[in-house]
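Input: a single structure, listed below in C-alpha cells.
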Amino acid sequence: MENIKIFTKLISTELHLQEHAVENTLKLLDEGCTIPFISRYRKERTGGLDEVQITAISNRLEQLQEIAKRKETVVKTITEQGKMTPELQKRIEDCWESTTLEDIYLPYRPKRRTRASIAREQGLEPLAQLILLQRERDPEQAALSFVVGDVADVASAIKGAQDIIAEQVSEDERSRQLVRGCFRRQAVITSKVVKAKADSDEAAKFRDYFDWQEPLKRCSSHRLLAMRRGEAEGILRISISPDDEECVERLKRHYVYGHTPCGRLVSEAVDDGYKRLLKPSIETEFSNLSKEQADDQAISVFAENLRQLLLSAPLGQKRVMGVDPGFRTGCKIVCLDAMGNLLHHEAIFPHPPVNHRMQATVHLQQMIEQYHIEAIAIGNGTASRETRAFVEETVKGQEHSPQVFVVSEDGASVYSASKVAREEFPDEDVTVRGAVSIGRRLMDPLAELVKIDPKSIGVGQYQHDVDQSKLKHSLDQTVESCVNSVGVNLNTASQHLLQYVSGLGPTLAKNIVDYRRENGAFASRSQLKKVPRLGPSAYQQCAGFLRIPEARNPLDNSAVHPESYPIVEQMAKDSGCTVTDLINSQERRHSIDVKRYVTDTVGLPTLTDIMKELEKPGRDPREQIEAFEFAKGVETVDDLTEGMELPGIVTNITAFGAFVDIGVHQDGLVHISQLADKYVKDPNQVVKLHQHVRVRVIEIDRRRNRISLSMRGIRE
C-alpha cells in the first residue's frame, strides 16, 4: 500500500495509538482482513486493539486515500497550467487536510468566467497589483494607460482592478483562515420562516424554528437537522454568519496600509471580496461542515440503537406462535417450529367489528395444543393491547401455558413485501409473511432483523436527512459487527444472515446455502473448503464465526479458530485427555499453564481468548429475555393524567432523550434532562433499547399528540 508510513504516523497521532499497532492494522486491512477478524484473531499484531479502534483506523484510512486521490488531480491540473513550482509541489505532498488542500488549489482551480477573469483578459492585472502595493500616489493617473480596447474609461479600469483584488483576497489562504476563525468563534445560525408558508399544515412541525438563532457551535445535531429539513421542504430559510464588521476589519489589517487613495480602493475591494465572494464561500463550507458533524452524531446514535436492537435478548429455539394483531381485518396467526419454519397459518377475529370471540378462543387453543406452542409473540401495532389481553385470557389456567411476549413490529411490513420474503414464502401473502417475521423476532432478533433495511426498523434519528452513503457504511459495519460477535449456526442460517459473516458476502453466502441444500448439513468447518469459490482467504476470515452445534469436533461449535485447533489439541494431549474432556473439566483447564504454549505467532492474548472460550464454548453473548406488562387500565392518551407513574419500554434513543412506549399507541419522550437525578451527557449512559423502565407523566399535549415523561426521582 502506498503512503503506509505516512498514513501510520498521521493515524497514530490523531487516534493516540501506537504506530506499530496502526501499521499492522493497515497491512491486515490491505490484505483483505475484516474488522471482526482482526479484532478477534490478530490481537498479537494489533497490540489488542478493539473493534471500535480498528473501525476508526479503517474509516480514517478511507479519508486519507480520498485525499491522496484528490492530490493527484490537483497536481495534474496545476502542472498542465505550467504553474507548478518545487515549493508548491512540496506543500501539496505534505498536505493531508482536505480544507487546506482546497485552499492551496483554489487560485488554480478552473472556474467559470468571473468579473476578475474578464478584467484580466482586458489586461488590468498589472494595474490591480499596482493598486494593491499602495505605493502609487495617483491611481487614476496610473489607470489612464490601461484605457484601451474594451476598457472604456479610468473608472472602468479601476473597477476591473478592484474586481481582481477582491478575488485575490477571497482566494488567499490567510484570508480564508482568518474568516474561518471568525466563523469558528462567533458564527450564529439563524432560522426564519418563509412567510407564505407560515400558516400551512406542513409548517406546524417546524414552529419552534420560525424565528430562531443560536451560536452554531452550540447547535445540537437534532436541532440542526430539523432546521435543514425545514429548509429542504421550503418552510425555513437558514443562514450562518459571524460578526461581519470584525471579519472585514481583520482582513483590512492585512491588506490596507494607510489612508491613501490606493488604500481606499483596496479597502473597497476587500469589502466587496468579503461580501460577494469570501463570506458566501466560508458560509457554505461551515454549513456543509456543521451538517456533516450533525450527520455523524445522528449516524452514531442510529448505529448504537441498531447494535442494541440486533443484540436484543433471544428466546431461542422454541415453538412459537406469531400474532399480527388487528381489529377489522382480524389477527393473523402463524405457528412456527423451533427452527422458525412455517407450520400453519390462519386468521381469527376476536375483536369488533366482527367479534367472533368464542370461535377465536377455540381456534387459538387448538393451534397451541396441535403445534405444541411454547411462546407467543404479539406485534405491538394496532390492537396489540387488546390482543394480548385476549390471548392471556385464553391461555390462563392451561397446563404448560405458553409465555406471552409483545415484540416490535417496526419494519415487518417492509420485510413482508421484500424480495427476501417473496423468496422465503413465494406462496404466502404479505400478512402471513409479516406474522412470521414477528414470531421469528422473538426467537432470534438478530437473524430476522438483518433481512430488513435498518432505516425501516424505527430506531433512527433524522435517518432520511443524513448522508445516505455514510449511513449505509456505518450501519453495514454495525450489522457485521453484531452478527460476528454472536456467531452464526452454519446449518440453519439464512443466506441473508450468512452474507454478513466475516469474509463471505452475498455470493459466497448463496453458495453455502446451495451446497447445504445439495449435500445436507455441514459436519465440520473444514467442509466449507468444498463450497464453490470459497478459497483459503475467505475460509480464514469466516471459519471462526460459524458454528456447528452437533459437530464431531466440539471446537467447531466455538469461537476458537481452526488455525488454533492444534494448540488446544496439544493442551489436551499434555493433560492426558481429549478436547471434549478438556471442555468438560474445569479442573483440567485450570491446571494448564498457557505461557507454555506461547510461540512467535501465538501470544498470551490469543491463548487467553482460547481458554475463555473453552469455559463456555458457543456461548451466546446476548442477555436473557424478560416478559413485560403495561399498566392495567391505561390504553389511550385519554387515560393518562399528569403525575401518573407507569411501566414502559424504551423504543428509541436519540441525542436529546429516549422514547418510551407506555401502552397508549403513542410513545412518550423522556428528555435528556429528565433521564436521571444527575447531569446526563449521553442518554446511552442511562438507558438501553428495549429496557424496561418506570416513568412519570409530566405533560400531555393532546393538540400535538405529545407526551412528556420523566425518570427523575423514581425508584425501581
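The values are calculated or read from the model by the stated rules, or taken from the named source; none is laboratory data. None of the values given here were measured: they were computed from a predicted structure. Glycine gets a Cβ as well: all are built from the backbone with ideal geometry, and neighbour counts include every protein chain shown. Areas reflect the complete protein model, heavy atoms only, side chains present, ligands, DNA and RNA absent. Shrake-Rupley method; radii C 1.70, N 1.55, O 1.52, S 1.80 Å.
Taking each residue of segment 542-553 that is within 14 Å of residue 512 (Cα to Cα) and without any contact (Cβ under 8 Å) to a residue 24 or more places away in the chain and looking for partners that are of a type outside the set (Lys, Arg) and surrounded by fewer than 24 Cβ atoms within 10 Å (Cβ to Cβ) with beta-carbon atoms closer than 9 Å, six or more apart or interchain, yields 543/503; 543/526; 543/528; 543/561; 543/562; 543/563. The residues of segment 264-285 that are among the small types (Gly, Ala, Ser) and either in contact with a Leu (Cβ under 6 Å, 6 or more places away or on another chain) or surrounded by fewer than 20 Cβ atoms within 10 Å (Cβ to Cβ) (or both), listed by number, are 267, 281. Within segment 111-127, residues that are farther than 19 Å from residue 78 by Cβ sit with their Cβ atoms under 6 Å from residues that are open to solvent by 90 Å² or more (accessible area, probe 1.4 Å) and assigned to a loop (DSSP other than H, G, I, E, B), at 6+ positions apart or across chains, in these pairs: 122/150. Residue 3 falls short on exactly one of the conditions (1) at pLDDT 95 or above; (2) within 30 Å of residue 109 (Cβ to Cβ), and that condition is (1).
If you go through segment 300-328 and keep only what is touching a Lys or Arg at 6+ places or on another chain (Cβ under 7 Å) and either among the acidic types (Asp, Glu) or over 30 Å from residue 369 (Cα atoms) (or both), you end up with 308, 311, 324.
Looking only at segment 525-543, count every residue that is aliphatic (A, V, I, L, M) and either within 18 Å of residue 557 (Cβ to Cβ) or at pLDDT below 95 (or both) and tell me the total. Steps first, answer last, please.
Filtering segment 525-543 down to residues aliphatic (A, V, I, L, M) leaves 528, 531, 534, 538, 543.
Adding the requirement that they be either within 18 Å of residue 557 (Cβ to Cβ) or at pLDDT below 95 (or both) leaves 528, 543.
Result for segment 525-543: 2.
Looking at (1) at pLDDT 95 or above; (2) open to solvent by 30 Å² or more (accessible area, probe 1.4 Å), which is the only condition residue 254 fails? Among (1) at pLDDT 95 or above; (2) open to solvent by 30 Å² or more (accessible area, probe 1.4 Å), the lone unmet condition for residue 254 is (1).
Each residue in segment 166-219 was checked for being in a helix (DSSP H, G or I) and of a type outside the set (Asp, Glu), and 29 of them qualify.
A single entry from 493, 538, 509 fulfils the requirement of being in contact with a strand residue (DSSP E or B) (Cβ under 9 Å, 6 or more places away or on another chain) and either free of Cβ contacts under 8 Å to residues at least 40 places away in the same chain or part of a loop (DSSP other than H, G, I, E, B) (or both): 493. Pairing residues of segment 167-182 that are closer than 22 Å to residue 215 by Cα with residues that are in a helix (DSSP H, G or I) and open to solvent by 30 Å² or more (accessible area, probe 1.4 Å), at Cβ distances under 6 Å and at least 6 apart in sequence or on separate chains, gives 178/250. Aliphatic (A, V, I, L, M), in a loop (DSSP other than H, G, I, E, B), out of contact with any Cys (no Cβ under 6 Å at 6 or more places or on another chain) and free of Cβ contacts under 8 Å to residues at least 40 places away in the same chain - does that describe any residue in segment 132-147? Scanning segment 132-147, I find at least one residue that is aliphatic (A, V, I, L, M), in a loop (DSSP other than H, G, I, E, B), out of contact with any Cys (no Cβ under 6 Å at 6 or more places or on another chain) and free of Cβ contacts under 8 Å to residues at least 40 places away in the same chain, so the answer is yes. Is at least one residue of segment 193-209 within 27 Å of the chain's Cα centre (by Cα), buried (at least 21 other Cβ atoms within 10 Å of the Cβ) and within 22 Å of residue 291 (Cβ to Cβ)? The answer is yes; a qualifying residue exists. Restricting 113, 120, 91 to those that are part of a loop (DSSP other than H, G, I, E, B) and open to solvent by 60 Å² or more (accessible area, probe 1.4 Å) reduces the list to 113. Only one of the numbered conditions (1) more than 16 Å from residue 35 (Cβ to Cβ); (2) at pLDDT 95 or above; (3) surrounded by 11 or more Cβ atoms within 10 Å (Cβ to Cβ) is not met by residue 69, and that is (3). State whether one or more residues within segment 240-262 are over 22 Å from residue 139 (Cβ atoms), part of a strand (DSSP E or B) and without any contact (Cβ under 8 Å) to a residue 60 or more places away in the chain. Yes, there is a match, as at least one residue in segment 240-262 is over 22 Å from residue 139 (Cβ atoms), part of a strand (DSSP E or B) and without any contact (Cβ under 8 Å) to a residue 60 or more places away in the chain.
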